[in-house]
Amino acid sequence: MKKLLCLLSISFVFINIFGVLIYFSFNSDFYINHFDNTQITNPNLPDLQNAYSFIQNKADLNSNFSPLETSHLQDVQDIFTIIHYILLVSIILFGIITWFLIYRHKYNLIFKWLFIWSIISLSVILVLLLLTLIDFTYTFQIFHKLLFPQWNREFAEDSRLITLFPESFFIAISRSIFVTIPTISIFIITFYLIIKKILRKQNLSHWKF
């Protein structure tokens, strides 16, 4: 049972973090609204759609991107491919294990472990948020050093890639992620504590919250 609960918890963390990451990364409305709310001119949308399609393995990259930009986007594609697979497997595992626990009437275990891992997810995100608030540029550079082994992450300010994805856009995504993930975690933590309090008042001790 403990192994199942560990898998449930890990899959929940991946769903929480990677699900939110993918949502904001490929949300065209969020992207366009970002540029509408800043002084930056909207970039070339066909190139944007082509880059997004390429990252999601839906199209080849057009010739407007330089070889260095193409290489970098290939790295991004590889990373998001891995993230998509992890997210898919996590959703399947979470669904199967949750169904099994419900079938065995282990509702309390589901809530308890999601509560614990919500706290862990919240703690991790708060640490990352603190790092970005201290120095976003440095944190962003460290992130790239870890993820992109080819080190092809430095581009001219007027390059097509920087025009499409300026630093302000990544700051906006980071802020949205750092708000959404803690919100989900806090909701689960609060829901658990409320349910626990209600059950204690009703003396339903067999739930063992």
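The modelled label-to-label distance between residue 198 and residue 62, using points 7 Å beyond Cα along the C-beta direction, is 5.3 nm.
Each of the peptides 174-181, 187-194 was scored by the mean count of other Cβ atoms within 10 Å over its residues; in descending order, highest first, they stand as 174-181, 187-194. Qualifying trypsin sites (Lys or Arg not before Pro) in the stretch 13-114, where qualification requires a DSSP coil assignment and no more than 12 other C-beta atoms within 10 Å, comprise 58, 104. Count Lys and Arg as plus one, Asp and Glu as minus one, and take only other residues whose Cβ is under 13 Å from that of residue 163; the net charge is then -4.
In the set (i) 1.04; (ii) 1.23; (iii) 1.09, the label that goes with Cα Rg over 2.2 N^0.38 Å computed for this structure is (ii). Which FRET efficiency, nearest 0.05, do residue 136 and residue 110 yield, Cβ-Cβ r, R0 35 Å? Step by step, r from the Cβ atoms, then E = 0.45. Residue separation of residue 157 and residue 71 scaled by 0.36 nm, minus their Cα-Cα distance, works out to 29.2 nm of gained length. The sum of -39500 (n - 2.57) across all DSSP H runs of n ≥ 4, divided by the residue count of the chain, sets its helix-only mean residue ellipticity at 222 nm to -26500 deg cm²/dmol. Taking every lysine pair in the chain that is 8 or more places apart or spans two chains, those with Cα atoms closer than 23 Å amount to 17. Return one number: the angle in degrees, 0 to 90 and rounded to the nearest 10, between the long axis of the Cα atoms of helix 167-201 and the longest principal axis of the Cα atoms of the chain. For helix 167-201, the angle is close to 0 degrees.
Read the figures in this text as sums done on the coordinates, not as results from a lab. Small disclaimer: the values here were computed from a predicted structure and weren't measured. Positions of Cβ are generated from backbone atoms using ideal geometry, with glycine treated the same way; all protein chains shown enter the neighbour counts.
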